[in-house]
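S.K.: Below is a structure I'd like to ask you about.
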Amino acid sequence: MASAAGATFTVLFSISVTWTLIGVLGKAAGGKAASGDVVALIAFAVLNYLPTLVILTSFISVLMVVTRTYRDSEMVVWFASGLSLARWVRPVLTFGLPLVLITAGLSFIATPWAKQKSMEYVERFEKREDLQKVSPGQFKESAAANRIFFVEGVAGKSAVVQNVFVNTTDARGDAVIVAREGVVNTGPKGERYLVLKNGRRYQGTPGQADFQTMEFDSYSMRVTQQTQDLESDHEAVAMPTMELLQHEGSVARAELLWRIAQPLTCLVLILLAVPLGFVNPRAGSSANLIIALLVFFSYNNFVKLVEASVKQGKGSFALSWWPLHLAALLVVFGLFAWRLNLNHRYHPLALLAAYKRSRNKKD
């Protein structure tokens, strides 16, 4: 099981990192994230996926091992030796309980911290001045969507940018400003100004009577209203678990339900993998893996539905966090009973076989 878990986690983790890398690089290229924050954002995003990866890894690894024992006819020897399928529960729990604890630690501690740090990085970038977001050689739209900036280069490590192009749209029309350099200065009341030096300003449409051109040594334009505070109220997904327990809102209760559901899902699925791993030795084993993925995503979607119900105030937390997992455990016990009593005369398969025999006698 450990070998299967290592191989499965490696594959899933590689896919997750690749997918996250593509998304974060796309945001950085589109000017929605700072290029210097790419590595940190990837690490935080992957950390958010880890609980789901651990759950899926534990489920698939147990299922693959049980399926292999059926396919290689080892389970026939197991049953012939007088051992039942229930004897698998102890080694499976020995393997799975550490993964359940890891999932709980990730869900209650690591994931909220990663989401909090990721939000801080994004907010810090969003609250930077428009000119500071511009990367050399890229066009960047302002937060108010009325200006487009372009800078050719940055003078060393200073805040001075060189060869600046600004296109502004207002009630009087379009204005184009080009300057050799520019810098952001702070006013006495915290207001921010972009100061351009040694440039020209063009207003209106060339060839029209109202077209204006002007040369300047220094030209200032307002960038933001005032300095913004980076501190903000953390959303429920980024709250530490102990702080989340103190909130009574529906959003906080829904997030707490999701965090509790992660380790419970991991425990239920590793137990479900034992009876679900049955396969005919003469048939292929790919069908079991497909069924396992359908079971995993269905279970996950049901948890999401319950979470959404609590978030919208349609259900209470006390009556929502446990029924789904109890129903899943009952399904696990039912499948175990199904597999343990295959030879019982009232078993559905035994009844079906008796029905076929009676039909053959009549024929």
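Only the coordinates and a few stated rules stand behind these numbers; no lab work does. These numbers come from a predicted model, not from an experiment. Cβ placement follows ideal geometry from the backbone for every residue including glycine, while neighbour counts extend to all protein chains displayed.
S.K.: Work through the residues other than Glu181 whose Cβ is under 11 Å from its Cβ and net out their charges, Lys, Arg +1 and Asp, Glu -1.
M.R.: Summing Lys and Arg as +1 and Asp and Glu as -1 gives +1.
S.K.: Got a sec to turn the phi values of the stretch 199-210 into Karplus ³J(HN,Hα) couplings, 6.51 cos²θ - 1.76 cosθ + 1.60 with θ = phi - 60°, whole Hz, x for Gly and Pro?
M.R.: Each residue's phi maps through the Karplus curve to give x, 9, 10, 10, 10, x, 9, x, x, 8, 5, 8 Hz.
S.K.: So for each of 301-310, 193-202 I average, over its residues, the number of other beta carbons within 10 Å; can you give me the resulting order with the highest mean first?
M.R.: 193-202, 301-310
S.K.: Where does each of Met214, Met1, Met119 land when they are ranked from fewest to most other beta-carbon atoms within 10 angstrom?
M.R.: Lowest to highest Cβ neighbour count: Met214, Met119, Met1.
S.K.: Now, a different point. In what sequence do Ile148, Ile109 fall when counting other Cβ within 10 Å, fewest first?
M.R.: Ranked by crowding around the Cβ, least crowded first: Ile109, Ile148.
S.K.: Would you mind checking the stretch 65-82 for residues with the amide N under 16 Å from a putative spin-label position 7 Å along Cα→C-beta of Ser3?
M.R.: 65-74
S.K.: Also, I was wondering about something else. Search the structure for amide H atoms under 5 Å from the amide H of Val160, placed 1.01 Å from N in the peptide plane, and list their residues when 5 or more places away or on another chain.
M.R.: It is Ala155, by chain and number.
S.K.: Longer than 24 Å from Cα to Cα, which of Lys32/Lys117; Lys115/Lys311; Lys27/Lys311 are they? Say none if no pair is.
M.R.: Violating the 24 Å Cα-Cα cut-off are Lys27/Lys311.
S.K.: Quick one: Karplus J couplings for the stretch 35-44, per residue in order, coefficients 6.51, -1.76, 1.60, θ = phi - 60°, nearest Hz, x for Gly and Pro?
M.R.: Using θ = phi - 60°, the values come out as 5, x, 9, 4, 4, 5, 5, 5, 4, 5 Hz.
S.K.: Taking K and R as +1 and D and E as -1, what net charge do the other residues with C-beta under 15 Å from the C-beta of Val39 add up to?
M.R.: +1
S.K.: Arrange the following residues from fewest to most other Cβ atoms within 10 Å of their Cβ: Glu152, Glu248.
M.R.: Fewest-to-most Cβ neighbours within 10 Å comes out as Glu248, Glu152.
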